[in-house]
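Step one of this worksheet: look at the structure below.
Computed from the coordinates by the stated procedures, all read-outs in this text should not be read as laboratory data. Predicted, not measured: the structure shown is a model, and the values here were computed from it. FYI the Cβ positions are ideal-geometry reconstructions off the backbone, even for glycines, and counts take in every protein chain you see.
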Amino acid sequence: MRLAFLALLAAPASAGDVHVVGGPAATQPTIQAAIDAAVDGDIVLVRSASADGFVVDGKALTILGEGPAPVLVSPVEIRNLAAGQACGVRNFTRTANDPFLFDVHDNAGHVRLEELTLTGIFPFNGVPATPLRIANCFDVALSHCDLDGGLAANVGQAGPGIVISNSQLQLDASTVDGGRGFHGFLMGQVTTIGPGGGAAGIQVLDACSLALQGSLVRGGSGGNGVGARCFPGPIPGQPGGTGGPGIASAVPISVTLVEASVLGGAGGAGGAANAGCGAAAGAAGSPGDAVIGAALNLLPGPRRELSVDALTREFSAMSVTVTGVPGETATLLVSTRCQLNVLPTIQGAILVGPSMRRIPLGTIPASGVLTTALPLADLGPGVLGSRRFFQAFCRDAGGQVRMSGCSVGAWLDGAL
């Protein structure tokens, strides 16, 4: 029955073209060229070990790195998705000093970011390097991502992990760290520069909605102070820099948490003492606050987590793993579309559909982890690929439903 069901979902009516960048069967030289050639519903499959960044402007695409995460060497921008459009980006890495490594803005549609590793390094022309900016977006969901503001260069300001404004964000099974403050240093023989403070894990600029499940958001640590000196001293060691807040909001907001942690960054170490002249050590920096301007709404855990193969080829099986509570029944939701629907009767937002199909997966065993292989039949004549959005829901004996985060993937022709 599952075989026939997946074959039905893979009907040509929901199919899109597949544009291959790099490696065997390449059809386009760059990701941007593939995006420019694509239309709504198409898949961009990236096989290059490294690739230029790209701009998605008002197109409903799925962009996937195959194999080890391709390294992006320039920024990514996703903008101007209309209501009902959805863009998914999965399995890429980037380490850079751009003001925004990923810039997601002005989207009335849905953005799904998954398995991204984004790390900022020293500030660009005095502007902090921030892994992700989200601005004016109806619905952004991150799953299995690792965002790090990195280490600030000397006298540069550390960047937050995420800067968000006027947007809704669902964060699932991810880690977000604010940038770490630079360490104090000696300029010339007598001038000392004090250490920098850590940045916020998430910096909220105005009214936003944040929901965190199975995730860690942490402020960056403060830099270390310069050690004590005997010339022209004795001069005691400097105090360490202040840790950054986990979440800092310029306006009052409420953040929903399910088995998630929000922590302030550690204060930097004070400069070491100098026994030669009896100069004392500096004090450790103050740790950052967990939240500033935000109230935490704690919902009962544990989290429900979904992991789905990014790529599945016809006549093979798609691996699906659901983590939940033993004894719950797990069901996979599959759709070619996205939605954001928060219902008072369930815990967690519905992020797929509205034209979703349901595949019963079974009962979660005593380990709390249910893994299922779902076979995929023939995609059909002339169909190269079809994109899908996935989410799981778990139902307990009392009928309470709890949602996992979402995933994006593609079903491909066996020849690709």
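Overview of results
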{"quantity": "Residues listed by number, region 314-330, amide nitrogen under 19 Å from Glu259 label point at 7 Å toward C-beta", "calculated": "320-330"}
{"quantity": "Prolate/oblate/rounded label for region 129-174 (Cα gyration tensor, a/c 1.5)", "calculated": "oblate"}
{"quantity": "Overall form of region 305-412 per C-alpha gyration tensor (a/c, 1.5; a/b vs b/c)", "calculated": "oblate"}
{"quantity": "Amide proton proximity set for Ile78, modelled H, under 5 Å, gap of 5+", "calculated": "Val56, Asp103, Val104, His105"}
{"quantity": "Estimated 222 nm signal from helices in the chain, with DSSP H stretches of n ≥ 4 weighted -39500 (n - 2.57), rounded to 500", "calculated": "-1000 deg cm²/dmol"}
{"quantity": "Sequence ranges 142-148, 283-289, ranked by mean other-Cβ count within 10 angstrom, highest first", "calculated": "142-148, 283-289"}
{"quantity": "From phi via Karplus (6.51, -1.76, 1.60), per-residue ³J(HN,Hα) for region 239-255 in Hz, x at Gly/Pro", "calculated": "x, x, x, 7, x, x, x, x, 10, 10, 10, 6, 9, x, 9, 10, 10"}
{"quantity": "Percent RCO, i.e. relative contact order, over region 305-412, from Cα pairs under 8 Å lying at least 6 residues apart", "calculated": "38 percent"}
{"quantity": "Relative packing of 227-235, 360-368, which averages over residues the other C-beta atoms within 10 Å, highest first", "calculated": "227-235, 360-368"}
{"quantity": "Beta bridges per DSSP with both ends in the chain, % antiparallel, nearest 5", "calculated": "30 percent"}
{"quantity": "Mean separation of Cα contacts under 8 Å, 6 or more apart, over the residue count of region 85-231: relative contact order %", "calculated": "20 percent"}
{"quantity": "Under 20 Å from the Ser355 label point (7 Å along Cα→beta-carbon), backbone N, region 362-396", "calculated": "377-392"}
{"quantity": "Whole-number percent relative contact order across the chain, with pairs defined as alpha carbons under 8 Å at least 6 apart", "calculated": "12 percent"}
{"quantity": "Among 272-281, 214-223, 304-313, the order from most to least packed when residues are scored by Cβ within 10 Å on average", "calculated": "214-223, 304-313, 272-281"}
{"quantity": "Cα-Cα separations in the chain greater than 40 Å, expressed as whole percent", "calculated": "23 percent"}
{"quantity": "D (Stokes-Einstein, µm²/s), Kirkwood Cα radius, region 207-248, 0.890 mPa s at 25 °C", "calculated": "183 µm²/s"}
{"quantity": "Dipole in debye (nearest 20) - region 75-299, about Cα centre, beta carbon charges: Lys, Arg +1; Asp, Glu -1", "calculated": "540 debye"}
{"quantity": "Given charges at Cβ of Lys, Arg, Asp, Glu: the chain dipole, positive-most of Gly201, Gly265, Gly156", "calculated": "Gly265"}
{"quantity": "Three-way shape call for region 66-203 based on the alpha-carbon gyration tensor, with the a/c threshold at 1.5", "calculated": "prolate"}
